[in-house]
Amino acid sequence: SGEDTSGRVALMICETILDAIGQTPLVRINTITRGVVKGTVLAKVETFNPGNSIKDRMAVRMIEEAERTGKLKAGGTIIEGTSGNTGMGLAIAAVVKGYRCIFTTTDKQSKEKVDALKAFGAEVIVCPTNVDPEDPRSYYSVSSRLEREVPNSWKANQYDNLANAAAHYEQTGPEIWAQTEGRITHLVVGVGTGGTISGAGRYLKEQNPAIRVWGIDTYGSVFKKYKETGIFDKHEIYPYITEGIGEDFLPKNVDFSVIDHFEKVTDKDAAVMTRRIAREEGIFAGNSAGSAMAGLLQLRDRCSDDDVIVVIFHDHGSRYLGKMFNDDWMREKGFLESSGMTARDMVALGLSGELRSIECNEPVEHALTLMSEHDFSQISITHDQRLVGSLHEAHLYDCLRARPAVKREPVEGIMLPAFPFVDISTPVDLLSTMITPANTAVLVRDFKTDKTFIITRSDLMRVL
Ligand code: PMP
């Protein structure tokens with residue numbers, strides 16, 4: 001303690017929990033990278049923030065800027081589309097500062113994340129994941145509508161609000177520079193809104209332009225291809241499991257000029273590494289930490305002995321107890337190793353079909369023609385090439401019998417939910433439990449070669 005200018009005793013006390021944000025530890029990775037990645041690997045463990053994630057930093061930064069610029073007024077309502085962590089930061093700050101919160105999130109996020117937001121009194125609206133960002137049902141659109149309709153409200157807009165990256169330019173970057181005494185050579189970060197990598201990366205490169213900044217991306221996201229070709233390719237977009245990183249649009253907070261390279265990591269590799277971080281390092285971190293560590297291992301050939309590599313661990317493992325840290329969930333997704341035949345073997349043996357699809361605005365009779373010409377029992381339905389639904393023979397027959405005129409209407413009107421996606425390493429035993437009367441096929445994706453196959457009940461019957 002010491003004395004401030006007013007003569008009051010200044011104790012080492014945080015006036016509110018918000019003062020406890022930041023100054024998180026940098027922890028050496030001792031086991032996972034030993035003998036695999038050259039150099040020193042350090043994790044910036046952001047779980048020590050009050051909301052257990054790095055997002056507390058930018059949440060408070062965005063609120064304080066909105067207060068300063070008059071966009072957020074006393075007693076106002078904070079609105080945001082959030083996968084949970086930003087919501088947590090906003091919800092905590094809202095409690096301290098006296099605001100109300102309404103969040104929209106997607107049905108892909110862990111239930112634990114939603115419940116945690118409610119613990120702070122926030123209202124949460126869960127929206128479907130597999131729709132375009134522009135779709136009125138998307139969590140982006142619903143939050144924009146709320147902003148228009150709720151009086152005295154302000155949408156934080158973490159994707160395009162540059163106060164997000166500014167928080168990391170002002171805090172995360174300088175902390176890493178000080179903690180490594182300027183010896184950092186590489187920064188490895190999972191990219192979602194882009195705030196962390198762009199802000200911290202820009203600060204660090206200003207100190208030393210030789211620092212390399214590597215972004216970790218998911219299969220199913222647009223970042224890597226956009227960085228490498230300048231093309232925003234909708235074909236890159238499909239549903240994936242990894243949480244918190246990858247996007248199907250380009251947020252303003254992603255500064256591509258700061259990022260030297262994007263590395264994509266599969267859902268399985270990310271999930272398996274998330275578990276290893278807990279078991280081998282004793283650090284309980286979330287899914288994107290697993291993704292970032294797995295990505296670093298993929299890039300090990302680019303590392304040398306003198307490197308000081310900092311990997312950001314964005315959030316806490318407790319948010320994933322129902323997922324990556326749950327054996328049943330891991331088995332169900334095919335992420336736990338097991339012996340026996342896998343989808344890859346079926347593909348190699350020619351026991352799986354090529355994926356055929358039609359666009360959702362095409363008439364039902366096109367589906368009928370495609371199915372009868374090729375003798376398919378089921379097809380996928382796309383919207384702008386993106387998988388949005390499915391159709392199988394029995395259902396099509398029922399619809400046509402009930403109302404023959406349906407033939408000339410868009411297939412969208414009668415389509416069923418899209419077939420589930422699994423990784424090509426999924427065991428056949430598991431595939432067989434996923435195929436049910438209601439779900440007649442699964443899509444198998446070889447993420448490394450970017451090919452998708454369909455495995456149906458009749459394909460499976462040949463190997464069981
Ligand atoms: N990991 C997790 C768990 C996250 O919630 C986020 C934010 N979406 C990220 C990584 C990516 O961070 P940023 O948004 O700053 O790019």
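The values are calculated or read from the model by the stated rules, or taken from the named source; none is laboratory data. Source: prediction; values computed, not measured. FYI the Cβ positions are ideal-geometry reconstructions off the backbone, even for glycines, and counts take in every protein chain you see. When the accessible area is computed, the model is the full protein with side chains, heavy atoms only, and any ligands, DNA or RNA have been set aside. Shrake-Rupley method; radii C 1.70, N 1.55, O 1.52, S 1.80 Å.
Values for this structure:
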| quantity | calculated |
| --- | --- |
| All strands (runs of 3 or more DSSP E) inside segment 24-93 with 1 or more residues being modelled with pLDDT of 95 or more and either buried (at least 24 other Cβ atoms within 10 Å of the Cβ) or within 11 Å of the ligand (Cβ to nearest atom) (or both) | 40-45, 77-81 |
| Any chance ASP269 is buried (at least 17 other Cβ atoms within 10 Å of the Cβ), without any contact (Cβ under 8 Å) to a residue 40 or more places away in the chain and away from the ligand (no atom under 13 Å from the Cβ) | yes |
| Residues of segment 302-332 satisfying the condition of being among the charged types (D, E, K, R) and either within 16 Å of the chain's Cα centre (by Cα) or at pLDDT 90 or above (or both) | ARG302, ASP305, ASP306, ASP307, ASP315, ARG319, LYS323, ASP327, ASP328 |
| Residues of segment 125-135 classified as part of a loop (DSSP other than H, G, I, E, B) and away from the ligand (no atom under 16 Å from the Cβ), total | 6 |
| All positions within segment 227-246 that are away from the ligand (no atom under 16 Å from the Cβ), surrounded by fewer than 20 Cβ atoms within 10 Å (Cβ to Cβ) and part of a helix (DSSP H, G or I) | GLU228, THR229, LYS234, HIS235 |
| Index of the failed condition, THR105 passing every other in (1) at pLDDT below 95; (2) surrounded by 15 or more Cβ atoms within 10 Å (Cβ to Cβ); (3) more than 16 Å from the ligand (Cβ to nearest atom) | (3) |
| Options VAL258, VAL310; residue that is touching a strand residue (DSSP E or B) at 6+ places or on another chain (Cβ under 8 Å), assigned to a loop (DSSP other than H, G, I, E, B) and in contact (Cβ under 8 Å) with a residue 60 or more places away in the chain | VAL258 |
| Residue list for segment 323-351, restricted to those being in a helix (DSSP H, G or I) and under 18 Å from PRO420 (Cα atoms) | ASP328, TRP329, MET330, ARG331, GLU332, ALA343, ARG344, MET346, VAL347 |
| ALA292 vs. criteria in a helix (DSSP H, G or I), buried (at least 24 other Cβ atoms within 10 Å of the Cβ) and either away from the ligand (no atom under 16 Å from the Cβ) or in contact (Cβ under 8 Å) with a residue 12 or more places away in the chain (or both) | yes |
| So SER138, is it more than 14 Å from the ligand (Cβ to nearest atom) and either in contact (Cβ under 8 Å) with a residue 40 or more places away in the chain or open to solvent by less than 30 Å² (accessible area, probe 1.4 Å) (or both) | yes |
